[in-house]
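Q: To start, I am sharing the structure in question, which I have written as C-alpha cells.
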Amino acid sequence: MNILDKIVADKRKEVDLRKALIPVKQLENSVLFNRVSPSLASALRASQTGIIAEHKRRSPSKSVINQNENVQDVALGYAKAGVCGMSVLTDGKYFGGSLDDLLLARASVDIPLLRKEFVIDEYQILEAKAYGADVILLIAAILSKEEIRQLSEFAKSLNLDVLLEVHNLEELQKSIMPSLDMLGVNNRNLKTFEVSLETSKSLSAEIPEEFVKVSESGISNTSAIKELKKYGYQGFLIGENFMKTDNPGKNAKIFIEELKSL
Ligand SMILES: O=P(O)(O)OC[C@@H](O)[C@@H](O)c1c[nH]c2ccccc12
C-alpha cells in the first residue's frame, strides 16, 4: 500500500469515530458556523504576491519541520507579513496538526484560512466550517469525479471556497467543473514525495482561465515565483520554507518584501 492509500484508510476510520463523537447538528449550531467567509480566490486575484503560508509541524517526508511554534503566533506573524491566506494542517497522525490548530488560528486572525486535510466525507467540510475555515482542499488523487462534484458543491453551499489539487493531466481533466474556485498543482508527488516545479509549468496551459491557478509545494525562493507567474500562477502555497525557521512570520515578511521588489 502506498502512503496516500494508507493515509486515506486511516482517515476513514477517524472520520467514522468523529461522526459518532460530535453530531452534525452540534457542528451546525456552533458559533463559527454562520460566519461569512472571506474569499481566498478573490484575495489572490487582487494580490501582487499571492502567498498562502502554511502551518506545518512535520510531514511523512520530513519528520521534524517545526515542533516549537505556537499556531496563534504563526498565524499573527503570517497575517502581519501580508499573506493572502493561511493553510492549517489538521491531520494528526501524519502531519502533527489538529482541528484545534485551525480554531486557534481563527482566534487570532481574520485572513482566509484553508483547512488542509484529506477530505473524503461531507462531515469534514462541516467540521472545517465549524472550526473557522474559509476554504477547503480537495485532492484529486484520492477522489472520484463524482466525489469531487458532490464534495465541492456541498462546500459551495456553505459558502466555502474550494481549492482542488492535482498532480498530473489525468487528475486535472477529470476534475474541471464549475464548483471549484482554485486549481492547485502540487509539485510534490504525494505517492513518491518527489518535488519538481516543472509539474506546475507543464500543467498550466491545461487549466481554464476562470480558475485561479495555485502552485503548491517545494517553493523556496522568490525567483521560483517570478518564473511561475509567467505561466499564469496567482497563488503560491509555501510551508516548509517558512516553518523550518524559528520565526515563520518574520521569514514570510522578508520573503514578501523581496517578492515585491523583484
Ligand atoms: O512545505 P511545502 O513544500 O512548501 O508544501 C506546502 C504544501 O503545498 C504541502 O504541505 C501540501 C500540498 N498538498 C498537500 C496535501 C496534503 C498535505 C500536505 C500538502
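Q: Tell me, please, whether a residue that is closer than 30 Å to Lys229 by Cβ, of a type in the set (Asp, Glu) and within 15 Å of the ligand (Cβ to nearest atom) can be found in the stretch 181-191.
A: no
Q: Go through the stretch 219-234 and count every residue that is touching a strand residue (DSSP E or B) at 6+ places or on another chain (Cβ under 8 Å) and away from the ligand (no atom under 11 Å from the Cβ).
A: Residues meeting the conditions: 6.
For (1) touching a residue at least 12 places away in the same chain (Cβ under 8 Å); (2) surrounded by 16 or more Cβ atoms within 10 Å (Cβ to Cβ), each residue gets a yes or a no:
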position	(1), (2)
Ile7	yes, yes
Lys13	no, no
Thr49	yes, yes
Glu54	yes, yes
Asn66	yes, yes
Glu69	yes, yes
Ala79	yes, yes
Tyr94	yes, yes
Ser98	no, yes
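Q: I need the full set of residues from the stretch 150-180 which are within 23 Å of Met1 (Cα to Cα) and either in a strand (DSSP E or B) or within 12 Å of the ligand (Cβ to nearest atom) (or both), in order please.
A: Selection gives Glu165, Val166, His167.
Q: A follow-up question, please. Name, by its number, the condition in (1) crowded, with 20+ Cβ neighbours inside 10 Å; (2) in contact with a Lys or Arg (Cβ under 6 Å, 6 or more places away or on another chain); (3) over 24 Å from Asn2 (Cβ atoms); (4) not aliphatic (A, V, I, L, M) that does not hold for Ser217.
A: Exception for Ser217: condition (3).
Q: Condition first: among the hydroxyl-bearing types (Ser, Thr, Tyr) and crowded, with 23+ Cβ neighbours inside 10 Å. Now tell me which residues in the stretch 125-170 satisfy that.
A: Tyr131, Ser152
Q: Let me ask something additional. Check whether at least one residue in the stretch 49-57 is in contact with a His (Cβ under 8 Å, 6 or more places away or on another chain), of a type in the set (Asp, Glu), within 15 Å of the ligand (Cβ to nearest atom) and at pLDDT 95 or above, and report yes or no.
A: No.
Q: What do you reckon, is Val185 over 27 Å from Val36 (Cβ atoms), in contact (Cβ under 8 Å) with a residue 12 or more places away in the chain and assigned to a strand (DSSP E or B)?
A: Answer is yes for this residue.
Q: Still on this structure, please answer the following. It is to be established whether one or more residues within the stretch 249-256 are surrounded by fewer than 18 Cβ atoms within 10 Å (Cβ to Cβ) and more than 13 Å from the ligand (Cβ to nearest atom).
A: Yes: the stretch 249-256 contains one or more residues that are surrounded by fewer than 18 Cβ atoms within 10 Å (Cβ to Cβ) and more than 13 Å from the ligand (Cβ to nearest atom).
Q: So which residues in the stretch 233-254 are more than 16 Å from Ile65 (Cα to Cα) and more than 19 Å from the chain's Cα centre (by Cα), if there are any at all?
A: Lys250, Lys253, Ile254
The values are calculated or read from the model by the stated rules, or taken from the named source; none is laboratory data. In this text the structure is predicted, and so the values were computed from the model without any measurement. Neighbour counts run over all protein chains shown; Cβ positions are idealised from the backbone, glycine included.
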